[in-house]
Amino acid sequence: MNCTEFLSKLTDYFDGQIDPSLLAEVKAHLGACHHCEVVVDTTRKTIDVYRGAAAYEFPQELADRLRAAVMERCRATGKLPDIKTK
Amino acid sequence: MALQTTTVAKDPQHPIDLAGGAVTQTEVSPDLMLVERARAGDSAAFEQLVLQYERQIFRTALHITQNREDAEDITQDVFFKAFQKLNQFQGNSKFSTWLVRIAVNESLMRLRKRRSSKTVSIDQDVETDGGSIPRDFAEWRPNPEQNYSQAQLAEILRRTIAGLPPGFRTVFTLRDIENLSTEETAAALGLSVPAVKSRLLRARLQLRERLSRYFRRNEASE
(Lines give C-alpha, C1' and ligand atoms only; values in the text may rest on other atoms or scores of the structure.)
Protein backbone atom coordinates (compact mmCIF):
# COMPACT_ATOMS: atom_id res chain seq x y z
CA MET A 1 0.00 0.00 0.00
CA ASN A 2 1.40 3.41 -0.95
CA CYS A 3 0.54 6.83 0.55
CA THR A 4 -2.16 7.65 -2.03
CA GLU A 5 -3.90 4.34 -1.43
CA PHE A 6 -3.61 4.87 2.30
CA LEU A 7 -5.20 8.33 2.08
CA SER A 8 -8.12 6.92 0.11
CA LYS A 9 -8.88 4.67 3.08
CA LEU A 10 -8.44 7.36 5.72
CA THR A 11 -12.14 8.20 6.22
CA ASP A 12 -13.10 4.57 6.68
CA TYR A 13 -10.11 4.09 8.98
CA PHE A 14 -11.18 6.99 11.22
CA ASP A 15 -14.77 5.81 11.25
CA GLY A 16 -13.83 2.24 12.13
CA GLN A 17 -15.43 1.00 8.93
CA ILE A 18 -12.41 -0.26 7.12
CA ASP A 19 -12.62 -3.63 5.46
CA PRO A 20 -10.92 -6.10 7.86
CA SER A 21 -8.92 -7.52 5.00
CA LEU A 22 -7.36 -4.09 4.44
CA LEU A 23 -6.78 -3.19 8.07
CA ALA A 24 -3.50 -5.09 8.33
CA GLU A 25 -2.21 -3.35 5.19
CA VAL A 26 -3.24 0.04 6.55
CA LYS A 27 -1.52 -0.60 9.86
CA ALA A 28 1.59 -1.87 8.12
CA HIS A 29 1.76 1.29 6.02
CA LEU A 30 1.26 3.46 9.10
CA GLY A 31 4.07 1.67 10.88
CA ALA A 32 6.45 2.27 7.99
CA CYS A 33 5.50 5.78 6.84
CA HIS A 34 6.16 8.62 9.25
CA HIS A 35 4.43 11.19 7.02
CA CYS A 36 1.17 9.23 7.02
CA GLU A 37 1.47 8.64 10.74
CA VAL A 38 1.70 12.43 11.23
CA VAL A 39 -1.25 13.01 8.90
CA VAL A 40 -3.39 10.55 10.88
CA ASP A 41 -2.37 12.04 14.23
CA THR A 42 -2.91 15.67 13.21
CA THR A 43 -6.15 14.96 11.35
CA ARG A 44 -7.50 13.25 14.44
CA LYS A 45 -6.47 16.30 16.49
CA THR A 46 -8.17 18.55 13.92
CA ILE A 47 -11.46 16.72 14.45
CA ASP A 48 -11.01 16.69 18.22
CA VAL A 49 -10.26 20.38 18.50
CA TYR A 50 -13.36 21.31 16.50
CA ARG A 51 -15.53 18.95 18.51
CA GLY A 52 -14.17 20.11 21.83
CA ALA A 53 -14.09 23.84 21.31
CA ALA A 54 -17.08 26.10 21.09
CA ALA A 55 -16.11 27.99 17.97
CA TYR A 56 -19.42 29.78 18.16
CA GLU A 57 -21.15 30.86 21.30
CA PHE A 58 -24.84 30.19 21.73
CA PRO A 59 -25.73 32.12 24.87
CA GLN A 60 -28.85 31.25 26.81
CA GLU A 61 -30.28 34.70 26.16
CA LEU A 62 -30.08 34.11 22.41
CA ALA A 63 -31.58 30.63 22.72
CA ASP A 64 -34.50 32.00 24.74
CA ARG A 65 -35.07 34.88 22.34
CA LEU A 66 -35.03 32.69 19.24
CA ARG A 67 -37.34 30.11 20.81
CA ALA A 68 -39.80 32.81 21.89
CA ALA A 69 -39.81 34.27 18.37
CA VAL A 70 -40.40 30.84 16.82
CA MET A 71 -43.28 30.08 19.17
CA GLU A 72 -44.85 33.48 18.52
CA ARG A 73 -44.75 32.89 14.76
CA CYS A 74 -46.19 29.40 15.16
CA ARG A 75 -49.01 30.59 17.40
CA ALA A 76 -49.85 33.35 14.93
CA THR A 77 -50.85 30.65 12.45
CA GLY A 78 -53.69 29.64 14.75
CA LYS A 79 -52.58 26.01 14.68
CA LEU A 80 -51.41 25.94 18.28
CA PRO A 81 -54.55 26.55 20.32
CA ASP A 82 -52.99 25.00 23.39
CA ILE A 83 -51.02 27.73 25.21
CA LYS A 84 -49.53 25.57 27.93
CA THR A 85 -45.92 26.58 27.49
CA LYS A 86 -43.14 26.73 30.03
CA MET B 1 -52.92 13.43 10.21
CA ALA B 2 -52.32 10.73 12.74
CA LEU B 3 -48.78 9.59 13.18
CA GLN B 4 -48.19 6.01 12.26
CA THR B 5 -46.71 3.93 15.03
CA THR B 6 -43.34 4.12 13.45
CA THR B 7 -40.40 2.47 15.11
CA VAL B 8 -36.87 3.58 14.59
CA ALA B 9 -34.59 0.84 13.39
CA LYS B 10 -31.43 0.38 15.39
CA ASP B 11 -28.32 1.31 13.49
CA PRO B 12 -25.54 -1.02 14.64
CA GLN B 13 -22.93 1.59 13.74
CA HIS B 14 -24.70 4.36 15.68
CA PRO B 15 -26.72 2.91 18.53
CA ILE B 16 -27.15 6.26 20.26
CA ASP B 17 -29.52 8.79 18.77
CA LEU B 18 -28.78 12.50 18.65
CA ALA B 19 -31.01 13.20 21.60
CA GLY B 20 -28.71 10.95 23.59
CA GLY B 21 -31.07 8.02 24.10
CA ALA B 22 -30.71 4.45 23.04
CA VAL B 23 -32.86 3.61 20.04
CA THR B 24 -34.22 0.09 19.81
CA GLN B 25 -36.34 -1.84 17.39
CA THR B 26 -39.44 -1.59 19.54
CA GLU B 27 -39.05 1.82 21.09
CA VAL B 28 -40.99 4.69 19.57
CA SER B 29 -38.70 7.69 19.30
CA PRO B 30 -39.45 10.36 21.93
CA ASP B 31 -39.21 12.92 19.12
CA LEU B 32 -41.99 11.18 17.22
CA MET B 33 -44.22 11.35 20.25
CA LEU B 34 -43.49 15.08 20.57
CA VAL B 35 -44.21 15.54 16.87
CA GLU B 36 -47.52 13.77 17.21
CA ARG B 37 -48.48 15.96 20.17
CA ALA B 38 -47.40 19.10 18.32
CA ARG B 39 -49.56 18.09 15.36
CA ALA B 40 -52.48 17.89 17.74
CA GLY B 41 -51.83 21.49 18.77
CA ASP B 42 -49.72 20.96 21.89
CA SER B 43 -47.59 24.06 22.11
CA ALA B 44 -45.36 22.68 24.86
CA ALA B 45 -44.48 19.63 22.75
CA PHE B 46 -43.32 21.74 19.83
CA GLU B 47 -41.42 24.08 22.14
CA GLN B 48 -39.62 21.04 23.55
CA LEU B 49 -38.49 20.08 20.06
CA VAL B 50 -37.22 23.62 19.48
CA LEU B 51 -35.40 23.52 22.82
CA GLN B 52 -33.73 20.23 21.96
CA TYR B 53 -32.42 21.22 18.55
CA GLU B 54 -32.08 25.02 18.42
CA ARG B 55 -28.39 24.89 19.35
CA GLN B 56 -27.60 22.32 16.66
CA ILE B 57 -29.56 24.20 14.01
CA PHE B 58 -28.00 27.54 14.93
CA ARG B 59 -24.46 26.12 14.84
CA THR B 60 -25.08 24.38 11.53
CA ALA B 61 -26.44 27.56 9.96
CA LEU B 62 -23.58 29.63 11.36
CA HIS B 63 -20.93 27.23 10.14
CA ILE B 64 -22.37 27.26 6.64
CA THR B 65 -23.19 30.97 6.32
CA GLN B 66 -20.42 32.32 8.56
CA ASN B 67 -22.81 35.12 9.49
CA ARG B 68 -24.42 35.37 12.92
CA GLU B 69 -27.44 37.43 11.86
CA ASP B 70 -28.18 35.02 9.03
CA ALA B 71 -27.87 32.09 11.43
CA GLU B 72 -30.38 33.66 13.82
CA ASP B 73 -32.87 34.27 11.01
CA ILE B 74 -32.33 30.79 9.60
CA THR B 75 -32.87 29.15 12.99
CA GLN B 76 -36.23 30.86 13.30
CA ASP B 77 -37.17 30.03 9.70
CA VAL B 78 -36.16 26.37 10.07
CA PHE B 79 -38.42 25.76 13.06
CA PHE B 80 -41.28 27.75 11.56
CA LYS B 81 -41.06 25.79 8.31
CA ALA B 82 -40.83 22.55 10.23
CA PHE B 83 -43.94 23.52 12.15
CA GLN B 84 -45.81 24.31 8.95
CA LYS B 85 -44.71 21.00 7.41
CA LEU B 86 -45.13 18.76 10.42
CA ASN B 87 -47.76 16.74 8.57
CA GLN B 88 -45.19 15.96 5.89
CA PHE B 89 -42.79 14.40 8.37
CA GLN B 90 -43.32 10.68 7.99
CA GLY B 91 -40.84 9.47 10.57
CA ASN B 92 -38.73 7.66 7.98
CA SER B 93 -35.69 9.54 9.18
CA LYS B 94 -34.84 11.09 12.52
CA PHE B 95 -36.62 14.35 13.22
CA SER B 96 -33.22 15.98 13.78
CA THR B 97 -31.99 14.87 10.36
CA TRP B 98 -35.13 16.31 8.80
CA LEU B 99 -34.50 19.61 10.60
CA VAL B 100 -30.84 19.68 9.56
CA ARG B 101 -31.82 19.15 5.95
CA ILE B 102 -34.12 22.18 6.12
CA ALA B 103 -31.33 24.16 7.82
CA VAL B 104 -28.79 23.28 5.12
CA ASN B 105 -31.20 24.28 2.36
CA GLU B 106 -32.03 27.56 4.08
CA SER B 107 -28.36 28.29 4.71
CA LEU B 108 -27.30 27.64 1.13
CA MET B 109 -30.19 29.77 -0.09
CA ARG B 110 -29.00 32.57 2.16
CA LEU B 111 -25.46 32.26 0.78
CA ARG B 112 -26.84 32.45 -2.73
CA LYS B 113 -28.67 35.67 -1.90
CA ARG B 114 -25.58 37.17 -0.34
CA ARG B 115 -23.46 36.27 -3.34
CA SER B 116 -26.14 37.00 -5.91
CA SER B 117 -23.72 36.81 -8.82
CA LYS B 118 -22.43 33.39 -7.81
CA THR B 119 -24.15 30.06 -7.61
CA VAL B 120 -23.71 28.43 -4.24
CA SER B 121 -24.54 24.80 -3.83
CA ILE B 122 -23.46 21.81 -1.91
CA ASP B 123 -21.39 20.92 -4.98
CA GLN B 124 -19.47 24.17 -5.06
CA ASP B 125 -15.74 23.81 -5.48
CA VAL B 126 -15.74 20.12 -4.69
CA GLU B 127 -14.34 19.05 -8.03
CA THR B 128 -10.90 20.31 -7.18
CA ASP B 129 -8.33 18.53 -5.09
CA GLY B 130 -6.60 21.82 -4.35
CA GLY B 131 -5.35 21.87 -0.80
CA SER B 132 -6.41 18.30 -0.10
CA ILE B 133 -3.04 16.69 -0.67
CA PRO B 134 -0.99 16.71 2.53
CA ARG B 135 2.06 18.93 2.26
CA ASP B 136 2.79 19.78 5.88
CA PHE B 137 4.20 16.81 7.76
CA ALA B 138 5.23 18.64 10.90
CA GLU B 139 4.14 17.09 14.16
CA TRP B 140 1.92 19.18 16.41
CA ARG B 141 2.52 20.15 19.98
CA PRO B 142 0.95 17.65 22.41
CA ASN B 143 -1.89 19.98 23.43
CA PRO B 144 -1.68 22.77 20.88
CA GLU B 145 -4.97 24.38 21.85
CA GLN B 146 -3.55 25.13 25.30
CA ASN B 147 -1.21 27.68 23.76
CA TYR B 148 -4.16 29.92 23.00
CA SER B 149 -6.88 31.53 25.06
CA GLN B 150 -10.39 30.24 24.48
CA ALA B 151 -11.20 33.37 22.46
CA GLN B 152 -8.04 33.08 20.35
CA LEU B 153 -8.69 29.41 19.68
CA ALA B 154 -12.30 30.09 18.68
CA GLU B 155 -11.08 32.77 16.27
CA ILE B 156 -8.52 30.40 14.74
CA LEU B 157 -11.14 27.69 14.26
CA ARG B 158 -13.67 30.12 12.76
CA ARG B 159 -11.13 31.61 10.38
CA THR B 160 -9.87 28.20 9.33
CA ILE B 161 -13.21 26.58 8.61
CA ALA B 162 -14.43 29.75 6.88
CA GLY B 163 -11.71 29.17 4.27
CA LEU B 164 -13.24 25.89 3.16
CA PRO B 165 -15.62 25.77 0.18
CA PRO B 166 -19.25 25.59 1.40
CA GLY B 167 -19.61 22.00 0.18
CA PHE B 168 -16.73 20.81 2.34
CA ARG B 169 -17.61 23.04 5.27
CA THR B 170 -21.13 21.67 5.39
CA VAL B 171 -20.10 18.02 5.32
CA PHE B 172 -17.45 18.56 8.01
CA THR B 173 -19.92 20.46 10.19
CA LEU B 174 -22.59 17.77 10.07
CA ARG B 175 -20.30 14.78 10.30
CA ASP B 176 -17.53 15.88 12.63
CA ILE B 177 -18.96 18.73 14.68
CA GLU B 178 -22.62 17.76 14.94
CA ASN B 179 -21.71 14.08 15.00
CA LEU B 180 -24.24 12.88 12.44
CA SER B 181 -23.43 9.48 10.97
CA THR B 182 -22.22 9.29 7.39
CA GLU B 183 -25.63 7.97 6.36
CA GLU B 184 -27.48 10.76 8.19
CA THR B 185 -25.18 13.36 6.63
CA ALA B 186 -25.86 11.89 3.19
CA ALA B 187 -29.61 11.95 3.84
CA ALA B 188 -29.53 15.52 5.13
CA LEU B 189 -27.59 16.75 2.12
CA GLY B 190 -29.16 14.61 -0.57
CA LEU B 191 -25.76 13.12 -1.40
CA SER B 192 -24.57 9.55 -1.78
CA VAL B 193 -22.54 7.96 1.02
CA PRO B 194 -19.39 7.79 -1.19
CA ALA B 195 -19.79 11.49 -2.02
CA VAL B 196 -20.00 12.35 1.68
CA LYS B 197 -16.91 10.27 2.43
CA SER B 198 -14.95 11.89 -0.37
CA ARG B 199 -15.87 15.42 0.72
CA LEU B 200 -15.27 14.64 4.35
CA LEU B 201 -11.76 13.38 3.61
CA ARG B 202 -10.87 16.50 1.67
CA ALA B 203 -12.43 18.79 4.27
CA ARG B 204 -10.52 17.12 7.08
CA LEU B 205 -7.22 17.25 5.19
CA GLN B 206 -7.66 20.89 4.21
CA LEU B 207 -8.49 21.90 7.77
CA ARG B 208 -5.53 19.90 9.08
CA GLU B 209 -3.19 21.67 6.68
CA ARG B 210 -4.50 25.10 7.70
CA LEU B 211 -4.45 24.39 11.44
CA SER B 212 -0.92 23.09 11.17
CA ARG B 213 0.29 26.66 10.80
CA TYR B 214 -0.90 27.37 14.33
CA PHE B 215 -0.38 24.05 16.05
CA ARG B 216 2.86 22.69 14.64
CA ARG B 217 5.71 22.02 16.98
CA ASN B 218 8.15 24.89 16.87
CA GLU B 219 11.36 22.94 16.41
CA ALA B 220 13.54 26.02 16.70
CA SER B 221 12.46 26.57 20.28
CA GLU B 222 12.20 22.95 21.45
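The values are calculated or read from the model by the stated rules, or taken from the named source; none is laboratory data. Since we're looking at a predicted model, the values are computed, not measured. Here the Cβ is made from the backbone with ideal geometry for all residues, glycine too, and neighbour counts use every protein chain on show. Accessible surface areas use protein heavy atoms only, side chains included; no ligands, DNA or RNA. Shrake-Rupley method; radii C 1.70, N 1.55, O 1.52, S 1.80 Å.
From the phi of every residue in segment B:190-200, what ³J(HN,Hα) in whole Hz does the Karplus formula 6.51 cos²θ - 1.76 cosθ + 1.60 yield, where θ is phi - 60° and glycine or proline is x?
Rounded to whole hertz, the list is x, 10, 7, 4, x, 5, 4, 4, 5, 5, 5.
Mind checking A:11-17 for the average number of partner chain beta-carbons within 10 Å of each residue's beta-carbon?
Partner Cβ neighbours, averaged per residue: 4.
Would you mind checking the tilt of helix A:60-76 against the longest principal axis of the Cα atoms of chain A, expressed as 0 to 90 degrees and rounded to 10?
Value to nearest ten degrees: 60.
Checking the table B:94/B:197; B:85/B:197; A:79/B:113; A:45/B:113; A:9/B:94 against a 23 Å threshold on Cα-Cα, which pairs fail?
Over 23 Å apart, Cα to Cα: B:85/B:197; A:79/B:113; A:45/B:113; A:9/B:94.
Averaged over peptide A:62-69, how many Cβ atoms belonging to another chain are found within 10 Å of each residue's Cβ?
Mean shielding count: 5.
Which angle between 0 and 90 degrees, to the nearest 10, do you get for helix A:34-52 versus the longest principal axis of chain A when only C-alpha atoms count?
Relative to chain A, helix A:34-52 is tipped by roughly 10 degrees.
Looking only at other chains, what is the average number of their beta-carbon atoms within 10 angstrom of each beta-carbon in A:36-45?
6
Kindly rank B:187-199, B:135-147, B:49-61, A:30-42 from highest to lowest mean number of other beta carbons found within 10 Å of each residue.
Ranking, from highest mean packing down: B:49-61, B:187-199, A:30-42, B:135-147.
For the A and B pair, go ahead and give the buried accessible area with a 1.4 Å probe, both sides summed, in Å² to 100.
Summed over both sides, the interface buries about 4900 Å².
Over all directions, what mean area does the Cα convex hull of segment A:1-60 project, stated in square nanometres?
5.0
In what order, largest first, do B:133, B:161 sit by accessible area if the probe radius is 1.4 Å?
B:133, B:161
P(r) for segment B:145-222: what percent of alpha-carbon pairs falls in each 5 Å bin, starting at zero?
In order of increasing distance, the bins hold 3, 15, 23, 19, 15, 11, 8, 4, 1, 1 percent.
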